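One structure below.
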Amino acid sequence: MDDAESYNYHYGELLPKLTDGECAFMKFFNITPEIIGDFTYTTRQKALLLGVLPLLMVIGLLDNLAFVYVVLRIPEMKTVTNSYLLNLAIADVLYLTFSVGEKLIKYGLSPVSDDDGALGLGGCIVIYIISDLAYFAGLFFVTLVSFDRFLAVHSPMASGRKGGRNYTQIAIAGTWIVAAVLAAIMSPSYGALEEYCILWPDEAPYNEWSHVAAECMAVEPWLMPFTQGLQTLPFFISFVVNVILYIFIIKGLDQSIERLRKHGLMKEKDINVRNQIARMLVVNGLVFFCCLAPFEIRSLLKMIDTLSGGDKIVIPLETSITLDHIGRVMAYTNSAINPLIYTAMSSRYRQAFKQAFLPKNRQGFFRGVRTSFNQTLSHTTETHMDETHTESRF
């Protein structure tokens with residue numbers, strides 16, 4: 001909950017230290033029918049919780065788990081890039097399961113909007129730590145994918161040989177460790193559970209509801225702006241890094257095409273490969289960062305508002321709530337559609353899915369494509385044509 005004064009202003013009369021039954025020594029809120037909507041789920045929230053979020057969760061779990069299965073099932077899919085994408089899919093599964101699942105549990109167990117009492121203190125800590133872990137890991141794995149593509153274009157020998165499998169495993173383990181450290185640093189912002197008492201109107205169905213609700217709180221007030229800033233910082237750093245990498249990747253592809261043109265080796269398929277890679281980069285980047293931007297911008301505004309002591313309302317309450325809903329839905333959408341983007345933008349991924357889930361009559365074609373790919377990859381830097389083959393690995 002926010003401070004007592006804000007709730008006295010927005011939600012009704014605050015009666016501190018009421019010693020009456022289950023509400024002894026709790027903050028007490030006297031709710032009238034006119035303001036009851038501020039404590040219960042609105043029609044819009046119910047539509048999200050009963051329709052949109054479960055749909056995103058089901059789609060996200062199915063396609064991300066399918067992608068994990070394809071990478072593990074098809075030997076030809078076990079590349080460095082796909083190792084990062086596999087871990088991104090795992091992070092997305094964790095994020096959807098705990099972030100969406102937590103909201104569905106709270107809705108099912110309490111009529112009070114965002115009542116954390118059903119979770120308990122242990123639930124506050126475990127659920128939010130795992131959600132933060134998955135969120136940070138997703139940011140970092142997207143950046144690793146971009147960095148791997150950058151190396152493949154500008155330093156193909158380093159990408160293909162330097163460090164090899166050990167380097168990839170270290171990068172993956174390091175990413176999860178850094179994400180876990182950041183999630184642990186965030187944990188004090190929800191390391192306390194504050195219970196409060198609600199005096200409902202004396203009429204059905206409110207007179208049958210529990211008077212006690214709770215909210216996961218920061219251990220100390222100063223931790224809120226700190227963790228809000230900590231949450232947004234990796235996002236904006238990742239955004240800048242990825243944009244820079246995308247620019248260098250596209251420039252590198254253009255330089256490869258130009259070298260092929262000078263030597264009279266350019267073919268139409270070379271330009272097509274370049275365009276396909278550029279489209280994948282632009283689409284992946286736009287979808288990922290545009291989906292996460294609303295929630296991160298709102299968190300940044302909340303941090304500014306908290307640091308100002310609430311004297312300067314950066315964003316009105318109703319607008320903040322609306323942005324929160326939009327931001328969360330878009331973040332969940334991002335986690336749900338990542339594998340769909342890969343499949344839509346790459347014929348290689350489409351063929352891998354066909355080989356994994358359809359009868360074996362298509363496997364011969366895929367093996368032929370992959371055999372050609374392996375042959376060209378081993379000679380990446382020997383000729384200008386090999387540069388084009390390196391690009392096709394994407």
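Details
- Taking amide H as placed 1.01 Å from N in the peptide plane, ASN30 has its amide H under 5 Å from the amide H of GLU13, LEU15, LEU199, each at least 5 places away in sequence or on another chain.
- Diffusion of region 168-215 by Stokes-Einstein, at 20 °C in a medium of 1.002 mPa s and with Rh set to the Kirkwood radius over alpha-carbon pairs, works out to 148 µm²/s.
- For THR40, nonlocal amide neighbours, meaning residues 5 or more places apart or on other chains whose placed amide H falls under 5 Å from its own, are SER113.
- Region 114-261 - convex hull of alpha carbons, volume per residue in Å³: 153 Å³
- By average C-beta atoms within 10 angstrom, highest first, the peptides 64-76, 46-58: 64-76, 46-58
- Dimensions in Å of region 19-126 - Rg and Dmax from alpha carbons: 20.1, 68
- For region 73-142: Kirkwood Rh in Å [reciprocal of mean 1/r, alpha carbons]: 13.6 Å
- Distance distribution P(r), region 174-260, all Cα-Cα pairs, bin width 5 angstrom from 0: 3, 11, 11, 11, 10, 9, 9, 9, 7, 6, 5, 3, 2, 2, 1, 1, 0 percent.
All of the numbers you see were taken from the coordinates with simple rules; none came from a lab. For clarity, every value in this text was computed on a predicted model and none was experimentally measured. Backbone-built Cβ (ideal geometry, glycine too); neighbour counts: all protein chains shown.
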